[in-house]
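Have a look at the structure below before the remarks.
The values are calculated or read from the model by the stated rules, or taken from the named source; none is laboratory data. Predicted model only: the values in this text are computed from it and were never measured. Glycine also receives a Cβ, built like all others from the backbone with ideal geometry; neighbour counts cover every protein chain displayed. Side chains are part of the model used for accessible areas, which takes the heavy atoms of the whole protein and leaves out ligands, DNA and RNA. Shrake-Rupley method; radii C 1.70, N 1.55, O 1.52, S 1.80 Å.
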Amino acid sequence: LALLLMGNSLTANFSPDATTVQLPSSNDVKTEIDIGAGTAPDSETTVPVIFPVTSNDTLCVLSHLSNELYVPVGRSYAGNNWESSSGLYAELKYKCESDQCEVLLLKEYTYYLTCFEHTLSEKDTVSRFLEKATFGPTKTVIDGWNYSSADLGLGFANFVSDEIAKTPTFHREYFRERLNQRSIENYRYGMSGPRACEKNSRWRRYAFTSIDVKISKNDTSEYTSPQHKLTITAKTVSNTTKYILSFAGEFRTVVNEEFKRLEDDSLMTMSGDYFLCKATEIWGGARGSEIDVFEIRKDGSNKCEAVKGGNPLVFVDTAYVDSLSMHILNFTSLDWDTDLVEINENKTFGGDFMLTTDISSTSEFVNKCKTLPDPRDNDYRTSTLSGVDPNPSHWSPDKPVFSVKNGEWAIHDTRLELKRNTVEEPLMDGGGQTALDTVYNKDKATIVASTGTRRAAIKGIENAVFCINENPSLFNQDQCKLSAPDANACLPGNRGKDTDMFVKLDSAFMSGIQGVDGIGSNKPVVIDGLVQDDTNPHAPCSSIRSRWLVVPTDECGPVSVDAATETTFVTLLRDSNDKNPSLRDVYYHKEPAHGIQCHDNDTLAYGFKVNVTENGQATCFKNVHPDHMSIYEITKFMNKETTSIKNEIRSKSGNGILNWSSVTGFSTSTWDACTICKDFYLGRIDDIMTSHDATDKLVFKVRGETANARMETNKALSKIIEKNLSFV
């Protein structure tokens, strides 16, 4: 081992007695270093050592030998400062400056430096970039890069710019287009289907699925299901014994012989209840591989045993089961490729096929199809309105539907159905029809009669699908299409939102809504110009609610009321949860025990000021008229005024703020006496409210208009709200 030592050196801000070590060559060899332990005082257990920072293409690792193991202490790489290694020395601190780092090392160990040099070719550099900038490059993309460019960095920048300019593709869209999740027969979520006689209905030839396995395990937290069992019953007909397999109380298949154990070909007991452990979805071991496992566990046993031959074929042996009580479709008249098509051949090896035509209304099948269970409702073991189970159960699945063609049997395999719903092609009923389809049959007539439409804001677990409609907002205003014309349009229920959107009712917002035609000719306005005087005192000590305006602190001066009154309103203002930055409303109720009580001399006092200190900051509040800078919609009042007064008010409130006392013949007294002026209250200047509340309140005036008119008004308001929007 080479020995490296440069001796002591004095570096600014480093220990004067520190030993500086030179980095060895990058030869991947552990090189012992001298940390100056021999010259350190015996009383010291550590010594300061200075290490240079590595170059851009080098990694150096510091370690020490302990019990014949090299323990990492620190590292520097690619020109970065030295840093501690995880493990024993994770808390070790390095002090770095000017491409050097100092660290205190224990004297008792022998230390080693190992350095490695690594450079990347241009192709490696491009590959590394594409690994970060894409979901994984192909060799063709890497080889096709323009390596003639002298500046790889510029090429990377251009690549990112070009990618941003492309029309995006979306994982969610890709996923939904290819999603084919099997529905769980005894747990309702989403829309199951298609119906057995409908186009695209799926069928399988293997008797058991992975879902069966899951609901056979006692995983009630995921599937809210009892621990369903596989029941095997032996039956002898004409001296021939066969075995009937049922799951969750419903027939699945008949097998001709006793199961054999995969491990030794020994016969298994074929009687009683079992639980499913595994079920590879390949019929009868069609792949001929021992990995196509079908495992069962005898009730009362802890051992799962693999069955030779794999997942049994679906087979309805009419000599052993009552086929007349089953749901069976005879597909003999249907043609392969025209009416039926094999699917998932590479995965299930002929175990799945699909109906490619709708047979529900054909003369051969129409009557039979009407008797089949509907996977889209959750009335288990029922099919039609007349045969509704009064106590539908989540624990009992519908009876299975079987098909037969040329002696080959299959079982209807329902899937989770998704509706196409894009910005360009929205689902116009908002999911109303689907919501109703998933309601208990016994409730459908009542729901339609009570709502007059197929609304989806239905309580409880009556349905498995809910309305997806939303009100127009700044996020959808440009693409929003009115759902109301559709006969099945639904109303959105109350759903929580991840993000609340807020708007400030400031002067800019009030000015902006004056240009929204759909609200009407008389817009909500801020009422200014209301004064406090002896005619209109509105004394805080004689009222429950009082309003206070924030004014410059230098206006506060001496307080004009008794100290008890001052303390009362300082306390109320300081403890208020009113978040308006300009105005604050407080509510006065005498509470002598808590110091909340006006002095008798101040019963009629008004317009006084108090100084409130909050978080070390003094704020001066002045008592003002209780409607000062309130926002009202005064249409009813305007309708009773003369044309000249109407025109004057409109001309003086074009910016959304009306000085009430400036209108001919108006005063604070006329406002106080005007009941209909206060018919609709929106808030106060600078109040914060949710964008939904602001929109709903401002659109109230056009409720009697057409739905299209309301939507256009809503869109216009959304554009105003967007300019004042904040997120919480």
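Here are the numbers for this structure:
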item	result
Filter pass, residue 664 being in a loop (DSSP other than H, G, I, E, B), out of contact with any Leu (no Cβ under 6 Å at 6 or more places or on another chain) and polar (S, T, N, Q)	yes
Which listed residue, of 344, 311, is closer than 19 Å to residue 212 by Cβ, surrounded by 12 or more Cβ atoms within 10 Å (Cβ to Cβ), touching a Ser or Thr at 6+ places or on another chain (Cβ under 9 Å) and of a type in the set (S, T, N, Q)	311
Pairs, first closer than 13 Å to residue 246 by Cα in the stretch 309-325, second in a helix (DSSP H, G or I), C-beta under 7 Å, six or more apart	316/323
All positions within the stretch 61-76 that are more than 14 Å from residue 32 (Cβ to Cβ) and either hydrophobic (A, V, I, L, M, F, W, C) or assigned to a strand (DSSP E or B) (or both)	66, 69, 71, 72, 74, 75, 76
Among the candidates 154, 230, residue that is buried (at least 20 other Cβ atoms within 10 Å of the Cβ) and at pLDDT 85 or above	230
Tabulated pairs, the stretch 56-83, first at negative phi and at pLDDT below 95, second among the β-branched types (Val, Ile, Thr) and open to solvent by 80 Å² or more (accessible area, probe 1.4 Å), C-beta under 8 angstrom, 6+ apart or interchain	57/119
Hits in the stretch 640-660 (condition: in a helix (DSSP H, G or I) and surrounded by fewer than 17 Cβ atoms within 10 Å (Cβ to Cβ))	643, 644, 645, 646, 647, 650, 651, 652
Those residues of the stretch 95-131 which are more than 16 Å from residue 58 (Cβ to Cβ), of a type in the set (D, E, K, R) and either open to solvent by 40 Å² or more (accessible area, probe 1.4 Å) or in a helix (DSSP H, G or I) (or both), in sequence order	95, 97, 107, 108, 122, 123, 124, 128, 131
Output for the stretch 633-669, where each listed residue is touching a strand residue (DSSP E or B) at 6+ places or on another chain (Cβ under 7 Å) and on the phi > 0 side of the Ramachandran plot	656
Residue within the stretch 62-71 that is open to solvent by less than 50 Å² (accessible area, probe 1.4 Å), touching a His at 6+ places or on another chain (Cβ under 7 Å) and not acidic (Asp, Glu) present	yes
Residue in the stretch 618-639 that is in a helix (DSSP H, G or I), of a type in the set (A, V, I, L, M) and buried (at least 16 other Cβ atoms within 10 Å of the Cβ) present	yes
Condition broken by residue 374, with the remaining ones in (1) open to solvent by less than 30 Å² (accessible area, probe 1.4 Å); (2) not in a loop (DSSP other than H, G, I, E, B) satisfied	(2)
Filtered residue count, the stretch 594-614, keeping only those that are open to solvent by less than 60 Å² (accessible area, probe 1.4 Å) and either of a type in the set (D, E, K, R) or without any contact (Cβ under 8 Å) to a residue 24 or more places away in the chain (or both)	3
Residues of the stretch 104-156 classified as touching a Lys or Arg at 6+ places or on another chain (Cβ under 9 Å) and within 30 Å of residue 69 (Cα to Cα), total	4
Residue match in the stretch 197-220 (condition: within 36 Å of the chain's Cα centre (by Cα), modelled with pLDDT under 95 and among the acidic types (Asp, Glu))	yes
Selected residue (only one of 316, 321 is in a loop (DSSP other than H, G, I, E, B), in contact with a Ser or Thr (Cβ under 8 Å, 6 or more places away or on another chain) and at pLDDT 95 or above)	316
Hits in the stretch 493-518 - residues which are at pLDDT 65 or above and open to solvent by less than 50 Å² (accessible area, probe 1.4 Å)	502, 503, 505, 506, 509, 510, 512, 513, 514, 516
Any hit, the stretch 589-604, residues being assigned to a strand (DSSP E or B) and farther than 21 Å from residue 551 by Cβ	yes
Pairs where the first residue, in the stretch 255-269, is closer than 18 Å to residue 231 by Cβ and the second is of a type in the set (Asp, Glu), C-beta under 7 Å, 6+ apart	268/258; 268/305
The lone exception for residue 184 - which of (1) buried (at least 17 other Cβ atoms within 10 Å of the Cβ); (2) modelled with pLDDT under 90; (3) part of a helix (DSSP H, G or I) it fails	(3)
Tally, over the stretch 1-41, of residues that are closer than 18 Å to residue 107 by Cα, at pLDDT 80 or above, open to solvent by 30 Å² or more (accessible area, probe 1.4 Å) and part of a loop (DSSP other than H, G, I, E, B)	5
Pairs, first outside any loop (DSSP other than H, G, I, E, B) in the stretch 569-583, second of a type in the set (D, E, K, R) and open to solvent by 70 Å² or more (accessible area, probe 1.4 Å), C-beta under 7 Å, six or more apart	none
Residue within the stretch 598-613 that is in contact with a Phe, Trp or Tyr (Cβ under 9 Å, 6 or more places away or on another chain), charged (D, E, K, R) and closer than 30 Å to residue 697 by Cα present	no
Answer from 403, 383, 361 - the residue that is more than 20 Å from residue 434 (Cβ to Cβ) and either open to solvent by 40 Å² or more (accessible area, probe 1.4 Å) or at pLDDT below 95 (or both)	361
Filtered residue count, the stretch 157-174, keeping only those that are within 33 Å of the chain's Cα centre (by Cα) and surrounded by 10 or more Cβ atoms within 10 Å (Cβ to Cβ)	6
For residue 249: the one exception among (1) touching a Ser or Thr at 6+ places or on another chain (Cβ under 8 Å); (2) surrounded by 16 or more Cβ atoms within 10 Å (Cβ to Cβ); (3) within 16 Å of residue 207 (Cβ to Cβ)	(2)
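Table: residues versus (1) without any contact (Cβ under 8 Å) to a residue 60 or more places away in the chain; (2) closer than 30 Å to residue 310 by Cβ; (3) in a helix (DSSP H, G or I); (4) in contact with a Phe, Trp or Tyr (Cβ under 6 Å, 6 or more places away or on another chain).
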position	(1), (2), (3), (4)
148	yes, no, no, no
155	yes, no, yes, no
158	yes, no, yes, no
169	yes, no, no, no
172	yes, no, yes, no
199	no, no, no, no
